[in-house]
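Nothing in this text is a laboratory measurement; each read-out follows from the coordinates by a stated rule. Remember, predicted model here, so these are calculated numbers, not experimental data. All Cβ positions, glycine included, derive from the backbone under ideal geometry; neighbour counts span all protein chains shown.
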Amino acid sequence: MAEAGVNTKQKMPLAEVEFNAARVISRLEEAVQMEEGGHSWKVSHGLLPLPSRSKDEVMTQLEDLLLHEEGEGVRARLPQLDAPGEVAITSHSVAAYASSLDRPHLQRLATRIASDSTRWLSHMFRFLECNAFYNDDLLEGLVRITRMLLHYKYPEYLEQGYDALQTNPPVIYTSMASPLGLVQHLCRQVGLPLMCVRPVPCNTVFGSHQKMDVAALERAIEDDKLVDKVPLLVLADAGTTIAGHVDNVTRMQEVCRKHDVWLHLRGHGLAALAMASSPTVPSRIADSMTLPLGVWFGVPALPIVTLFRTIEAQEPAPPGVRTRESTLAFLAGLSAEHNMLKLPSLCLWTSLQALGREGILHRLRSAFEASEILHSKLAKYPRLRLLNQRPGGEAGSISITELVKKPISTTVLFEVTSSTVVFQFVPENHNNDERVPDYYDKLNSWLGQILQRDVPEVPLEICELELSGIILRFCPLELSPERLPSHAQIDKFATSMEQQLEILEATVHHKEIFVKLATKCPHLRLVNMPQWAGLGGVRFVPDEEEPDDMTDQRKNELNHLNQRLVDTLRSTDAAFSMGEGENGLICVRFGMVTADTDVEELLNLVVTTGKEVEESSRFLESLTEIVKKGIETATQDLQKENAERVWQEGILRQMPVVGSLVNWWSPLGKETGIKGRSLNLTAGVVESTENIYRYHMQLQGVSPPGTKGPPTPLVQTPIAPPSSQHSRSSSHSSNKEPQAAEQ
């Protein structure tokens, strides 16, 4: 019982750490679920507060920083963690807590954790007798591998530095399809100029635009050796960044061994190594590889692992320089001693055990199966070009299910798996080696946005390949397990894709008709809209003049007319929208259409509606002129009548004191006084208002027979009609315009 009590007491501190970490995680998850817009805590941005704060206050501020932004409410949603994720997060707290152990005990603990993790990974990824480097940066392992190679190839590098490289500069080989930022970062970190990087072209004859040409690589290595350069490193892709193509790793390995060049692999295709049924079979497909396990397993906070083989020292070694393999790794910062106190592999050690072999296999298998199923769904559409590596090999004969059940070589493994699905809509009978036209880039961008909106269960990325154009990418290995689409969701995606492809094909077909008819119509001007994926844009122009020859006032009037035209059209069909041409003038945009759309009818609708809007605008402007003229006429009549009244009544009545006396002595009649004025739009006259005051209503028009109507107003002043010439009037032969539009 005493021994059991000791064990319980020893577990207490770790249980307390786990409990506190679990409380923090649950608190953040609850805060994310609370939709409290505008909530913000007051966080001090100045000096450290003098009074100490409680743990709850500090955690509340940390929670606010993670989830809120001042005045803007919730800004982020942390994902729900499963059991392996909670173990990984808790392990970080345990690692920080364990750093307070005695150094000898901590070293033994770190060695045990690192050795177990390295052994498990080496068997899982067929890379026996390797070392491992754990870091949070995706490229840091490659940087330190390069440093180790510099020490290996240049024994004087430790003492002489860059001077040891001047006479025989090193060379790093990378594919032209790989991101340039990778080698730029690598050169900056190790202090090498970019002239040390040699791009290798892709095999465009027998291979892919994404795969490195191995024959060109070997020629480049031989040429560099002839000029006393030192081939140092070859960066190969086991799944290119976007399209997921895998280089010919077997041949590249032969070339690198022949010329003593280090081969480094990276890419999502490496995850297939952990899915094979015989993981203990050694492969040694490369000298080192980068493994982003947290991305593949869907577990946050896991370190990036770089597996590398032990390197043999060159012989003979200069006097006084140690070139043992442990020294080279230590000089490059790859040895375990550098991160001994931080326990970087602890969260990986716990997560691998929480997942287990079956859990890892299930997650990877689900991801690769999602790519396989989606690829098979999209392969039946001839207008879709699939740019990714075909699952099952060129013949598509090996499925993921068969791959898991039977042993398979590493070479075949890379050929029959596909980590991504990349596709784009292309013209009919398009050459697969050519980039799509610019208009199809807009169509593919529209297609990606529609699919993201309609089927968010299948996440898509809109990317661009230099040799292909805008493409749509689906990479299940980059998704967390809960975001992987099911078979039913992929079927829903395929159904939506079929519907959108019909719209795309119809739009491309009708666009030619649209351009032809819009060019012939005298009242429409075709507008160049390179950023618009729909049919295109037209501008309604009543006159024969061109927009480039118009004055600024005329352009403003034309903009106002087309703006009103768009508003009117949108009330009948949402496919119309307002656009703007390259010259800044407003136009009518036509969106995507279906196969049964009558383009000629749509254009006629624009012309007819444009004429109606133009006539309405002319009527409103004429009415405005009439009202303006009537106000001026009424003002003049009232001023004239006021002057006449003054002379008729006499000057004495207008004086302040005498006028009151005169009005009392001789009052005015009831009918005297200034009459008001009303504007009769029907008759086009300004009338006096005595009938309105007398009959308490305004009577207009002709009275019925047998009835006595109101008398004619005493004052009737006709208004001169506005000039018939109008700045926006169309041609007077309006009867012929519909016929011209139909032709």
Original post:
Considering amide H positions built from the backbone, and no H for Pro or chain starts, which residues 5 or more places from Val527, or on another chain, come under 5 Å of its amide H?
Top reply: Gly537, Val538, Arg539
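Assuming 0.36 nm per residue, please report the length gained on full extension of the stretch Glu580 to Thr60 beyond their Cα-Cα distance.
Here the answer is 182.3 nm.
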Original post:
Are any of the pairs Lys555/Lys611; Lys377/Lys511; Lys153/Lys229 more than 20 Å apart by Cα-Cα distance, and if so, which?
Top reply: Lys377/Lys511
**OP:** Compute the distance in nm between two label points, each set 7 Å from the Cα along the Cα-to-Cβ direction, one at Ala215 and one at Ser52.
**Re:** 7.4 nm
Original post:
For region 365-503, what relative contact order do you get, as a whole percent, if you take Cα pairs closer than 8 Å and at least 6 residues apart?
Top reply: 27 percent
Subject >> Full-stretch length increase - Arg483, Arg435 - with 0.36 nm per residue and alpha-carbon distance subtracted >> reply: 14.1 nm
Original post:
Per-residue HN-Hα couplings for region 406-413, Karplus 6.51 cos²θ - 1.76 cosθ + 1.60 at θ = phi - 60°, whole Hz, x for Gly and Pro?
Top reply: 10, x, 8, 6, 5, 4, 5, 4
Original post:
Using the Karplus equation 6.51 cos²θ - 1.76 cosθ + 1.60 (θ = phi - 60°), what ³J(HN,Hα) coupling, rounded to whole Hz, does each residue of region 522-528 give in order, writing x for Gly and Pro?
Top reply: x, 9, 10, 10, 5, 10, 6
Original post:
Roughly what would the spin-label model give for Glu502 and Glu461, points 7 Å off Cα along C-beta, in nm?
Top reply: 3.2 nm
Original post:
Cα centroid distance between region 129-198 and region 354-409, in Å?
Top reply: 34 Å
Original post:
Given a Förster distance of 56 angstrom, what is the FRET efficiency for Leu128 paired with His560, based on the Cβ-Cβ distance and rounded to 0.05?
Top reply: 0.15
Original post:
Full extension from Thr250 to Gln553: what is 0.36 nm times the residue separation minus their Cα-Cα distance, to one decimal in nm?
Top reply: 101.9 nm
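For a Förster distance of 60 Å, can you work out the FRET efficiency between the beta-carbons of Gln452 and Lys640, rounded to the nearest 0.05? Working shown, then result.
On the way: r = 72 Å, r/R0 = 1.21.
It comes to 0.25.
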Original post:
If Lys and Arg each add +1 and Asp and Glu each add -1, what is the summed charge of the other residues whose beta carbon sits under 14 Å from the beta carbon of Glu580?
Top reply: +3
Original post:
Taking θ as phi - 60°, what are the ³J(HN,Hα) couplings along region 473-485 by the Karplus curve (6.51, -1.76, 1.60), each to the nearest whole Hz, with x for Gly and Pro?
Top reply: 10, 10, 10, x, 5, 8, 9, 5, x, 6, 9, 5, x
**OP:** Would you please give the FRET efficiency between Thr411 and Arg119, computed as 1/(1 + (r/R0)^6) with r the Cβ-Cβ distance and R0 = 22 Å, to the nearest 0.05?
**Re:** 0.30
Original post:
Residues in region 424-442 near a label at Tyr381, defined as backbone nitrogen under 16 Å from the 7 Å Cα→Cβ point?
Top reply: 424-430, 440-442
